[in-house]
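Here, each number is a calculation from the coordinates, and none is a lab measurement. A quick note: this is a predicted structure, and the numbers were derived from the prediction, not measured. All Cβ positions, glycine included, derive from the backbone under ideal geometry; neighbour counts span all protein chains shown.
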Amino acid sequence: MTNVIFASTHDTTPQEWIAPLQRALPLAQISNWKDNAPPVDARFAVVWKPPHDLFLRETRLEAVFNLGAGVDALLQLPGLPADLPIFRLEDAGMSVQMAEYVLHALLRASRGFEQYQVQQRQRLWHPLPDIERESWPVGIMGTGLMGTRMAQTLAALEYPVATWSRRGKEIAGVHAYAGADEFPAFLARTRVLVNTLPLTPATQGILCRKTFEQLLPDACIINVARGEHLVEKDLLSMLDSGHLRGATLDVFAQEPLPSSHPFWDHPAITITPHVAAASLRGATIKQVAAKIQSLLNGVVPTGAVNRELGY
C-alpha cells in the first residue's frame, strides 16, 4: 500500500479533495494531515500551502505534488530536502480563466467601458471614439501556460501582443522578447503590461518605478501573478503622476488586503480577491493522480520544478 499525505492549510474541506483522490488511486492510502499526529511514512505528498513542519515529520517522501502552478511558498519551507522532486500543477482549467480575466481588464480600458459606467450614473448619452487596437499594444511577462494562452487570445482579437521571458517563446502572431537585454525594448512598445511571471529572487519587485517609466504613456498594469512582484508605493506614485492610467490587481503581498490599504480607495485601481483563476478540482485531481500513477509505473511525469529557476 502506497501512503499519500494530503496537507493544506488553505482548504477547510480536505475530504472534498481526499475522497475523489482516493477513488482515482484505489491502491493508495490517502491520509489527511493532522497537527501533532505521528508520521504516516508517506511516499508522496499532495499539498497547497502546507504546514511548516511537513518535511520535518514526513521524512520518507519521494515526491511532492503542488496544487497550483506557483511553488515559491513551498520552496521556503524548513526541512525541504534538496533532492526531493516537486511537481507543479499544469493548467487544470486555469489558463482560460486567466485569459478571460486579462481580456476583461483590457476591454474595460480599451473600449471605454469604465467611462460608460460613469456616464450611466450621470445619465449621459455620449458615444466614445471607435477603438484603435494599434493604440493598445499589450506586453505579457511570462510565457508559461497562462501567459501563452493570454497571448494567443488577445492576438486573435487583433491586439498588438508581445511577450517577454527568460529565453523567449515563439507564439504565432506574437512578437517575442527575451532576456534582460531585450526588456527595455519590450517595455518601450507596451501600453498594457500583464504580469504572469513566477516569483523568484530575480522577479521580486519587477513591477517598480524603473519598469513603469519605460512604458508608453497612459499605461495600464494587470498583475495576476504574485503580490510581491509589485512595489506598491511606486505604483501609487506613478498613478498619481498620470504616467500610469490604471491598474487591475488580483494578488497582493498581504492577503486578505487590509481594510486600511490605500489601494481600496484609489479611483484608478481595480481590486479582485485572488480569483483570476482557480484550479478546477476535478481536473486537478485527475492530473495529480495521473502523475502519481506515472511515478508508480517508473515514469517521470511532466511539471517537474527546477529548483535553481524557482519554477
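Of all DSSP beta bridges in segment 95-271, what percent run antiparallel (nearest 5)? Mind dumping the intermediate values first?
Values: 1 of 26 bridges.
That works out to approximately 5 percent antiparallel.
Sort 24-32, 50-58 by the packing proxy (mean of other Cβ within 10 Å over each peptide's residues), most packed first. Kindly include the intermediate steps, with their values, before the conclusion.
Numbers: 24-32: 15.6, 50-58: 17.9.
Packing proxy ranking, top to bottom: 50-58, 24-32.
Full extension of the chain between ALA37 and GLU158 gives 38.0 nm of extra length, using 0.36 nm per residue less the Cα-Cα distance. Counting only whole DSSP H helices of the chain, the ones at least 18 Å long by C-alpha along their axis and with mean Kyte-Doolittle hydropathy no lower than -1.0 are 94-110, 281-296.
Please rank SER135, SER165, fewest neighbouring Cβ atoms within 10 Å first, as an exposure proxy.
Numbers: SER135 12, SER165 21.
If I rank by nearby Cβ atoms, fewest first, I get SER135, SER165.
In segment 85-132, which GluC sites (Glu not before Pro) are in a loop and have at most 10 other Cβ atoms within 10 Å, using DSSP for the loop call? Kindly include the intermediate steps, with their values, before the conclusion.
Numbers: sites: GLU90, GLU100, GLU114, GLU132; in loops: GLU90, GLU132.
Passing both the DSSP loop test and the Cβ count: GLU132.
Taking square-rooted eigenvalues a ≥ b ≥ c of the alpha carbon gyration tensor, is segment 95-271 rounded, prolate or oblate, where a/c under 1.5 means rounded and, failing that, a/b exceeding b/c means prolate?
On the way: a/c = 1.65, a/b = 1.17, b/c = 1.41.
The shape class here is oblate.
Rounded to the nearest 5, what is the percent of antiparallel bridges among the DSSP beta bridges in the chain? Present the calculation step by step, with values, prior to reporting the outcome.
Working: 2 of 43 bridges.
Antiparallel bridges make up about 5 percent of those DSSP assigns within the chain.
Gyration tensor analysis over the Cα atoms of segment 181-311 returns equivalent ellipsoid semi-axes of 34, 19, 12 Å (largest first, whole Å).
With a 10 Å radius around each residue's Cβ, average the other Cβ atoms per peptide and rank 107-113, 225-231, highest first.
Working: 107-113: 16.7, 225-231: 21.7.
Result, highest mean first: 225-231, 107-113.
When the chain is fully extended, how far beyond the present Cα-Cα distance does HIS261 get from GLU182, taking 0.36 nm per residue of separation? If you can, show how the numbers build up before the last one.
Working: separation 79, 0.36 × 79 = 28.44 nm, distance 3.46 nm.
So the extension gain works out to 25.0 nm.
Within straight cross-link reach of LYS34, meaning Cα distance under 17 Å, which lysines are found once same-chain residues fewer than 8 apart are removed? Output for LYS34: LYS49.
Considering only LYS49, LYS286, LYS210, the Gaussian network model of the chain with Cα springs below 10 Å gives its largest mean-square fluctuation to LYS210.
Within a straight-line Cα-Cα reach of under 17 Å, LYS291 can be paired with the following aspartates and glutamates, leaving aside sequence neighbours fewer than 8 residues apart in one chain: GLU62, GLU90, ASP91. For the chain, the Kirkwood hydrodynamic radius from C-alpha pairs, put into Stokes-Einstein at 25 °C and a viscosity of 0.890 mPa s, yields a diffusion coefficient of 116 µm² per second.
What is the calculated FRET efficiency for SER241 to ASN306, with r their C-beta to C-beta distance and R₀ = 45 Å, to the nearest 0.05? Don't skip to the answer; put the middle values down first.
Values: r = 39 Å, r/R0 = 0.86.
Efficiency for this residue pair is about 0.70.
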